[in-house]
Every structure is written in structure tokens, then in C-alpha cells.
1. Can Gly75 be described as touching a strand residue (DSSP E or B) at 6+ places or on another chain (Cβ under 9 Å) and either touching a residue at least 24 places away in the same chain (Cβ under 8 Å) or within 17 Å of Gly27 (Cβ to Cβ) (or both)?
2. Any residue in region 79-100 that is under 21 Å from Leu59 (Cβ atoms) sitting within a Cβ distance under 6 Å of a residue that is among the hydrophobic types (A, V, I, L, M, F, W, C) and outside any strand (DSSP E or B)? List the pairs, counting only those 6 or more apart or interchain.
3. Considering only region 48-72, state which residues are farther than 17 Å from Lys28 by Cβ and basic (Lys, Arg).
4. List pairs: first in region 49-62 and aromatic (Phe, Trp, Tyr), second modelled with pLDDT of 90 or more and outside any helix (DSSP H, G or I), Cβ under 9 Å, 6+ apart or cross-chain?
5. Restricting the search to region 36-93, which residues are over 22 Å from Ser111 (Cβ atoms), in contact with a Leu (Cβ under 8 Å, 6 or more places away or on another chain) and modelled with pLDDT under 90?
6. Collect the residues in region 105-122 that are loosely packed, with under 10 Cβ neighbours inside 10 Å and closer than 18 Å to Ala64 by Cα, keeping them in residue-number order.
7. Would you point out the residue of region 1-32, among those that are within 15 Å of the chain's Cα centre (by Cα) and aliphatic (A, V, I, L, M), that is modelled with the highest pLDDT?
Amino acid sequence: MNIRFQFVFLFDGNIITADNETIKGKGKPLPFIWWLGLDTLNQKVKALGEEEIKPEECLIFEDAIPGFISGKRAGGYVIWVPDSHALELLDKKQISELVGEENQHGIILKSLEEFDPSKFGL
């Protein structure tokens, strides 16, 4: 997976909440919040004369099942850090369906401390 990291500074001030007029009524598990965030970043990227960031180049950090589904639908790779009780409610088949075979849609971590940026070229 090729993730571009050099544009992290573009996140400054980019906060999108569920009450944003553009996505009102289109909350998770729909992907609109992620697409709006990516569009906002890409406006800044284009202004710098750089190539747009593609959804498949994005890491999406989530803590809940609707968020995981939303991130997956948006086309990103989801780093899922769920409450331990959430995993207790799901069986292995349900977890496998969410994450995909061989972690194709994302991974599950017990803590953000487990996140290894080097696995993503960061």
C-alpha cells in the first residue's frame, strides 16, 4: 500500500463534524464525511500544484462499526481501534466480513500504540 504522508500539515484546521450542512442526514455508515474530508484536503493539494490524493491512499482511523463500514465504503484502508466490548459482540465471521480476507479493507488494533506507521510506508 502506497500512502503519501508529506501532506500531514494540510490537516490543520480541517475538522468536519456530523452537523456539517454538506453531509447533514448522510452520516455513518455512509461514506460522505470521508469524501468531504478528502475533497477538502485535495483542494489544498491542488493549490500546491500536486497530484490529488486518492481514496485508496488514505488511512482512516475509526473506533466504531458504523465508522469502519463508512471508511471501507469511502475506499480507504481502515485502522479500527474498537472498544474491547464491541469485539465481544461480534463473531469471527462478522469480523472477517468487515475487515476482509488478508486485511484487505483494514486492520483491528487493541490500541493506537500498536499502530506501526512503517507498515504503511510512513
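1. Answer is no for this residue.
2. Every condition considered, the pairs that remain are Trp80/Phe68; Val81/Leu109; Val81/Leu112; Leu98/Phe68.
3. Hit for region 48-72 is Lys54, nothing else.
4. Phe61/Val78; Phe61/Ile79; Phe61/Trp80; Phe61/Val81; Phe61/Phe115
5. Listed by number, the residues that qualify are Leu41, Lys44, Val45.
6. Ser111, Glu113
7. Within region 1-32, the match that is modelled with the highest pLDDT is Leu30.
The values are calculated or read from the model by the stated rules, or taken from the named source; none is laboratory data. Keep in mind it's a predicted model, so treat the numbers as computed, not measured. Note that we place each Cβ from the backbone using ideal geometry, even for glycine, and neighbour counts take in every protein chain shown.
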